[in-house]
Amino acid sequence: MQQQPLINCTINGVALQVKAGSTIIEAMYENQQKIAHYCWHPGLSIAGVCRLCMVQIEGNPRLQIACNTVVTEGMKVNNTSDQVKDAAKWGLDFHLINHPLDCPICDQAGECGLQEQYMEFGKYNSEMSEKKQKKHKVVDLGPTVVLDSERCILCSRCVRFTDEVSKTHELGIFNRGDHAEIGTHAGKPLDNKYSLNTVDICPVGALTSKDFRFRQRVWFLKDSETVCNGCSTGCNVKVYFNKEGVFRVKPKRNDNINGHWMCDEGRDVYKFVNKENRMIKGHKLANGQWETELHAGAAAKDAATSLKGVSGNDIALVVTGQHTVEELEAIVSTFVNTYKTKNVYHWWNSEATASEFDGILLRGDKNPNTKGLQQVFAKHGINTKFSDLDPSKVKHLVVVGPENVPVYKDFTAKLEFFAKAANLIYMTSAKVDTLTTNKSLKSATIIPLKTYIEKSGTFINHAGVSQTFKKVTTVVSEALTVTEAAALLSGQEIKIETLNPKNLFVAANTPADQVTLDYRKKNEFTFQRGKL
Amino acid sequence: MAVMQNTSEKSKWYLPGIMTGLGITMKHMLKNIFNKKEMITLNYPEEKYEYSPRFKGNHILTVKKDGAIRCTACMLCATNCPADCIKITASEHPDPHVEKYPIAYEIDMLRCVFCGFCEEACPVDAIRLGPEWQTPGLNGANFTYDIKQLAYRPGLKGGVQSVVDDEERLKSGI
Ligand code: SF4
Ligand code: SF4
Ligand code: SF4
Ligand code: SF4
Ligand code: FES
């Protein structure tokens with residue numbers, strides 16, 4: 001790549017070198033300088049309509065907008081002067097002229113641009129004595145998004161998104177002046193595979209997601225980053241959760257993978273993570289009776305007992321590309337090394353559509369880690385075809401089932417196919433009712449698994465980019481990761497890494513006295529407690 | 001604590017003090033016997049003391065003019081509650097002017113510390129702490145009050161009306 005020339009400028013007293021041709025706001029954004037803005041978005045074109053990003057440029061008598069002014073050599077810019085603050089404050093007052101201040105019932109409250117900038121620059125009493133302009137509320141824009149025109153500040157981000165990114169052109173600004181509103185054309189609702197990105201980029205609460213609407217206040221949610229497991233693109237995402245489960249997924253910027261966006265399908269994958277859709281307990285079928293309250297570890301140990309001493313020809317493993325590289329490696333090497341078999345098969349739901357790509361993000365391969373699975377297979381020299389698998393011939397069949405069951409269209413049929421095995425060991429994080437009601441099963445064990453947000457690991461996406469992610473939270477605490485299940489299946493115990501017990505209680509490891517103030521140390525109780 | 005003993009000569013003259021005390025008791029007894037109406041003792045629980053409306057007792061969810069619940073399910077009370085004892089489930093109201101409303105609103109009375117922070121937080125006067133405070137119950141389950149109990153319990157006689165009115169607000173152009 002050709003190196004772009006760098007030019008010098010000074011922003012808020014800090015001397016910076018920025019790429020020639022970048023705007024002031026880009027320079028500030030890249031150097032973590034704070035600037036108020038609504039209409040500018042790093043992934044969209046420049047509109048320059050919100051007039052909030054005012055900066056003072058030395059030698060220029062009037063304030064300029066940072067988003068549409070290109071940095072020139074030696075430019076001195078600041079956005080901390082009183083003049084800039086005053087401009088932002090008045091800009092904000094104009095934005096709020098017709099704003100309904102719905103904050104108590106607005107889903108955006110807590111992460112709203114208006115609230116943020118008001119706390120930063122506003123804190124005034126409105127100077128408007130006129131009545132507010134009434135507009136349409138609770139407008140159904142399409143299957144995923146609800147619009148509240150009164151809250152809209154007409155930044156046009158959503159319009160530019162449908163024009164430039166999804167290229168579906170559904171949204172537009174209609175009417176003029178204070179009657180201007182966002183809307184869709186008659187008979188053409190906002191219905192595309194990326195529509196919920198408009199909700200993310202809307203700086204206010206004008207666009208809200210139907211799925212998330214009113215389910216939680218955002219300040220009750222924590223967020224953590226992970227990799228989406230909806231398809232082989234592997235978008236970087238933020239998962240929002242609390243102790244009741246996961247509530248929404250939003251994209252996280254990664255210019256190499258997904259840019260600023262993610263698809264609507266990927267936002268739904270959190271649903272299979274939540275408790276109501278999960279396999280919570282281990283199950284075991286013996287002598288025609290289902291035992292349904294087994295602990296996961298006990299189920300895995302039972303399964304290990306049933307596999308003891310079987311010959312490599314009587315056992316087979318089926319895996320999907322829905323698990324992390326580490327887990328697949330653990331289970332495959334267990335089979336290769338402990339059970340001495342290479343009967344390992346790749347259950348691939350979307351092999352036929354795997355190379356499909358919609359030009360933006362969505363790929364036809366609905367598994368996040370197909371590449372990773374193929375690498376593990378190659379490493380162990382496994383070269384099997386799924387069509388060669390005959391469950392009625394192998395006596396013991398171990399299946400590591402998919403997490404995201406809805407994308408496995410032939411799921412029920414495949415389960416019936418697996419049920420032909422004399423002894424089926426099925427590992428799953430998803431609740432599978434068809435299995436426990438299947439009459440043809442003779443002997444079976446179900447081991448509950450953790451989902452991708454409950455474990456750390458690596459996914460390798462379609463392009464071979466390997467992305468390691470950390471555990472987000474725990475939803476079903478007793479479920480096992482495939483690695484743990486593999487260890488139990490091979491007859492080992494699960495080990496929890498701890499410090500060497502000899503070192504645990506030596507004096508050097510006791511924390512320092514947390515009470516530092518002398519007058520508090522005199523208080524014996526505080527002193528004692530501080531040492532605890 | 002050290003006990004001081006008074007050993008002076010003066011302390012032996014205790015009888016006048018006792019007589020004065022008995023005199024006061026006698027005076028009140030006679031006053032109550034001859035003037036029963038002004039007696040301040042209450043025959044609890046048949047008679048109960050009326051607390052001022054500002055007393056911080058059991059919660060009341062107020063209602064709108066049409067009798068529907070005033071609460072907009074903004075969850076500010078739940079956010080502000082130091083005891084974490086308010087649980088609200090919000091939903092979409094069929095009327096777009098209402099938009100959001102609670103389909104479940106529960107307060108765990110045993111965890112509540114009656115601080116009144118919920119009342120302070122509410123932007124629409126939807127929750128108040130009322131003058132009732134006697135809350136007998138037979139088991140723990142009786143102490144999680146739901147919407148029915150909070151808004152329409154018999155003691156409230158059909159609900160207490162909120163002072164915040166949406167229609168008036170909309171008309172005045174806010
Ligand atoms: S958009 Fe922001 S300021 Fe407006 S009602 Fe929603 S949270 Fe409040
Ligand atoms: S709906 Fe949101 S994103 Fe679209 S113009 Fe209005 S404020 Fe901007
Ligand atoms: S009175 Fe205080 S403790 Fe009780 S519900 Fe209200 S905020 Fe919570
Ligand atoms: S009672 Fe008031 S503060 Fe609590 S959710 Fe309802 S409207 Fe909000
Ligand atoms: S961000 Fe510059 S005008 Fe809106």
What is the fewest-to-most order of A:Lys137, B:Lys100 by other Cβ atoms lying within 10 Å of their Cβ? A:Lys137, B:Lys100
For segment A:298-401, what does the relative contact order come out to in percent, with C-alpha contacts under 8 Å and a separation of six or more? 40 percent
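Could you give the C-alpha radius of gyration of chain B expressed as a fraction of 2.2 N^0.38 Å, taking N as the number of residues it contains?
Its radius of gyration relative to the 2.2 N^0.38 Å reference: 1.64.
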Starting from segment A:402-478, pick out the trypsin sites (Lys or Arg not before Pro) whose DSSP state is loop and whose Cβ has at most 15 other Cβ atoms within 10 Å. A:Lys409, A:Lys439, A:Lys442, A:Lys470, A:Lys471
In which sequence would A:Asp140, A:Asp163 go, from the one with the fewest C-beta neighbours within 10 Å to the one with the most? A:Asp140, A:Asp163
Straight-line reach only, C-alpha to C-alpha below 19 angstrom: list the lysines that B:Lys87 could link to, leaving out same-chain residues fewer than 8 apart. A:Lys222, A:Lys243, B:Lys100, B:Lys148
With an 8 Å cut-off on Cα pairs and a minimum separation of 6 or more residues, tell me the relative contact order of segment A:387-483 in percent. 23 percent
Square roots of five times the Cα gyration tensor eigenvalues for the protein assembly as shown, Å: 55, 44, 30
Keeping to pairs on different chains or 8 or more places apart, tell me how many lysine pairs in segment A:249-323 have Cα atoms under 24 Å apart. 10
Return the loop-located trypsin sites (Lys or Arg not before Pro) in segment A:4-57 (DSSP other than H, G, I, E, B) with at most 11 other Cβ atoms within 10 Å of their own Cβ; answer none if there are none. A:Lys34
How many angstrom lie between the Cα centre of segment A:451-479 and the Cα centre of segment B:14-72? 65 Å
What full-extension length gain, to one decimal in nm, is calculated for B:Leu110 and B:Tyr49 as 0.36 nm per residue of separation minus the Cα-Cα distance? 19.7 nm
For B:Asn58, residues with placed amide H under 5 Å, excluding near neighbours: B:Gly130, B:Glu132, B:Trp133
Segment A:49-205 - percent relative contact order, Cα under 8 Å, separation 6 or more: 20 percent
DSSP loop GluC sites (Glu not before Pro) with at most 15 other Cβ within 10 Å excluded, longest remaining stretch of chain B: B:51-174
R0 of 45 Å, Cβ-Cβ distance A:Lys76-A:Glu356: FRET efficiency to nearest 0.05: 0.30
Over 26 Å (Cα to Cα) among A:Lys238/A:Lys371; A:Lys340/A:Lys470; A:Lys137/A:Lys366; A:Lys342/A:Lys420 -> A:Lys340/A:Lys470; A:Lys137/A:Lys366
Taking 2.2 N^0.38 Å as the expected size of a compact globular protein, what ratio does the Cα radius of gyration of segment A:65-161 give against it, to two decimals? 1.31
Helical mean residue ellipticity (222 nm; -39500 (n - 2.57) per DSSP H run of 4+; nearest 500) of chain A: -6000 deg cm²/dmol
Between A:Asn125 and B:Arg169, what FRET efficiency comes out of the Förster formula 1/(1 + (r/R0)^6) with R0 = 25 Å and r the beta carbon distance, rounded to 0.05? 0.90
Most exposed first, judged by fewest Cβ atoms within 10 angstrom, B:Ile33, B:Ile107 run B:Ile33, B:Ile107
How many percent of DSSP beta bridges within chain A run antiparallel, rounded to 5? 70 percent
Grab every C-alpha pair in segment A:277-499, bin the distances at 5 angstrom width from 0 up to the longest one, and report whole percents. 1, 7, 15, 20, 22, 18, 10, 5, 2, 0, 0
At most 13 other C-beta atoms within 10 Å and a DSSP loop state: those are the exposed chymotrypsin sites (Phe, Trp or Tyr not before Pro) I care about. Give me the longest piece of chain A that has none. A:125-504
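Read-outs: derived from the displayed coordinates by stated rules, not from any lab. Source: prediction; values computed, not measured. Cβ: placed from backbone, ideal geometry, glycine included. Neighbour counts: every protein chain shown.
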